[in-house]
1. Give just the number: which of (1) of a type outside the set (F, W, Y); (2) touching a residue at least 60 places away in the same chain (Cβ under 8 Å); (3) within 22 Å of L186 (Cβ to Cβ); (4) touching an Asp or Glu at 6+ places or on another chain (Cβ under 9 Å) does T139 not satisfy?
2. Quick one: in segment 35-56, which of the residues that are free of Cβ contacts under 8 Å to residues at least 40 places away in the same chain and out of contact with any helix residue (DSSP H, G or I) (no Cβ under 6 Å at 6 or more places or on another chain) is nearest to F94 (Cα to Cα)?
3. Give me the pairs: first residue in segment 65-82 and farther than 12 Å from C97 by Cα and of a type in the set (V, I, T), second residue at pLDDT 95 or above and in a helix (DSSP H, G or I), beta-carbon distance under 9 Å, and six or more apart or on different chains, which are they?
4. Taking the condition crowded, with 21+ Cβ neighbours inside 10 Å, small (G, A, S) and more than 9 Å from the chain's Cα centre (by Cα), does A95 pass?
5. Can you tell which of T43, T89 is surrounded by fewer than 20 Cβ atoms within 10 Å (Cβ to Cβ) and among the β-branched types (V, I, T)?
6. Considering every residue within segment 41-55, establish whether at least one is at pLDDT 95 or above and assigned to a strand (DSSP E or B).
7. Could we say that L201 is surrounded by 15 or more Cβ atoms within 10 Å (Cβ to Cβ) and touching a residue at least 60 places away in the same chain (Cβ under 8 Å) here?
Amino acid sequence: MSEVNLERARFNMVEQQIRPWEVLNERILDVLEALPREDFVPTGYRNLAYADLQLPLPHDEVMLEPRVEARMLQALDPQPGERALEIGTGSGYFAACLAQLAGEVTSVDLHPDFRELASEHLAAAGVQNVRLEVGDAATGWDDGQRYDVIAVTGSLPELHEGFHRSLAIGGRLFLIVGTAPIMEALLITRMDEDQWATESLFDTSVRPLRGARARVRFEL
């Protein structure tokens, strides 16, 4: 697909997929229309970069559909100067989006080769405010920092509070909770030291976050 056609596909993604899914925040729409998603997708899928599909990544992982990424960004509403945390780096595309909207971004992935892949993609895109980490964050990520925005890009079988304490007061946490075929996207806002508000956003279905497990229940 030519560069002109890719630009048209990017425009169509915003107008035909994202706006109809109630994403109307102009800051976010501007980022999605400007950032070349085709530079972050796996080789061989460049022509599908703007399709309403989950695109395969190594390790049986996926890039989420653009409309889900857009709804996630709108719910979190990252602001200039804020500190953001992403759980599940993948190709680096969502981290690049966060980097355009927030002040600084930390992105964590279980797979070291994803860190290398994302580092290459982010450098090529001129993104300099993302710090990439490797680690198992399925039950939370406690690096001593508090974040204004936390995005968990894989689903959890059930809600746990492993990420709650990493939020700053007023911070927002996006999670997808449940099991296929229907999962619930949640926005959790930290109101004060010991109080959080939870809002149900939409139903979807995404791959589980690697290592996330439901509690074992014993029946008598």
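The values are calculated or read from the model by the stated rules, or taken from the named source; none is laboratory data. Just so it is clear, the structure is predicted and the values come from calculations on it, not from any experiment. Quick reminder, even Gly has a Cβ in these numbers, built from the backbone with ideal geometry, and neighbours come from all protein chains shown.
1. Status for T139: all satisfied but (4).
2. Ranking the candidates gives L55 first.
3. Listed pairs, sorted by first residue: V68/W21.
4. no
5. T43 is the lone residue from the list that is surrounded by fewer than 20 Cβ atoms within 10 Å (Cβ to Cβ) and among the β-branched types (V, I, T).
6. yes
7. Yes, satisfied.
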